[in-house]
Amino acid sequence: MPRFVDPAERRREVVDALKRIVVADGLERVSLREVAAEAGLVVGSVRHYFSSSTELLVFAFSAVVDDVVARLVRESAASGEEGVVAQLCGLLPLDEARAVDLCVWAEFRLASRTRPELAPTAERSHREVAAAVGRSLLALRPDAGQETLVREAERLLATAEGLGLHAMLHGQWLDAELCLAVLRAQVAGIAGAAVAQQGGDRH
């Protein structure tokens, strides 16, 4: 009796195989044949779920974005400055799972500059990541107006994403301890601005 194959599980296996290829050799090596071989499948099995490499790339990019955003939402459960820092750590390659997702995420985002089919997911990626960070900042600084929240969320994202990229490229000196110190300093600066504002309001 043939084993039932769960479509969602099989798609995840294919996406995981694609991610391994991207981490090792970049997006240029991705094809249905290469991904099928990496996943231990025949090409026909992959074609059953994805009719073309483009369809596979779009699906995989969306899946990676979902994973990154879900990680940020999970980490936002903690409160205060350390909660924001913990959330931003979701954008740093501090373990294998995050390192793989962030490497693939970066490759896709860069590719979206010249591949129109990836552009909508790249836009959604930034919008949802920024919104997750913005919600955490709102909890940290409920006094802040919309303009301030947007500016500070972009500042934190730029810091975390820059650290993540540098850590992937120069991990020999930009380690987890230094990344955390930079994030804590940035978040403390935002929280400190709120305290200073409150003090000024009392005078």
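Quick note: the coordinates plus some simple rules give every number you see, no bench work behind them. Being a predicted model, the structure only gives us computed values, none of them experimental. Cβ coordinates were reconstructed from backbone atoms using ideal geometry, including for glycine residues, and neighbour counts include every protein chain displayed.
As I understand it, the value is the acute angle between the Cα axis of helix 53-75 and the longest principal axis of the Cα atoms of the chain; what does it come to in degrees, rounded to 10?
The angle comes out near 30 degrees.
Output the relative contact order of region 79-201, whole-number percent, from Cα pairs under 8 angstrom with separation of 6+ residues.
Value for region 79-201: 37 percent.
What net charge do the residues around Ala131 carry, taking every other residue with its C-beta under 13 Å from that of Ala131, with Lys and Arg at +1 and Asp and Glu at -1?
Net of charged neighbours comes to 0.
Taking the 0 to 90 degree range and rounding to the nearest ten, how far is the long axis of helix 7-25 tilted relative to the main principal axis of the chain, both from C-alpha atoms?
80 degrees
Placing +1 at every Lys and Arg Cβ and -1 at every Asp and Glu Cβ, with all other atoms neutral, what dipole size does the chain have around its Cα centre, in debye to the nearest 20?
Magnitude of the dipole: close to 360 debye.
Which of Leu137, Leu27, Leu18 has the fewest other C-beta atoms within 10 Å, and how do the rest follow up to the most?
By the 10 Å Cβ count, ascending, the order reads Leu27, Leu137, Leu18.
For the chain, what is the calculated [θ] at 222 nm in deg cm²/dmol (nearest 500), taking -39500 (n - 2.57) for each run of four or more DSSP H residues and dividing by its residue count?
-25000 deg cm²/dmol
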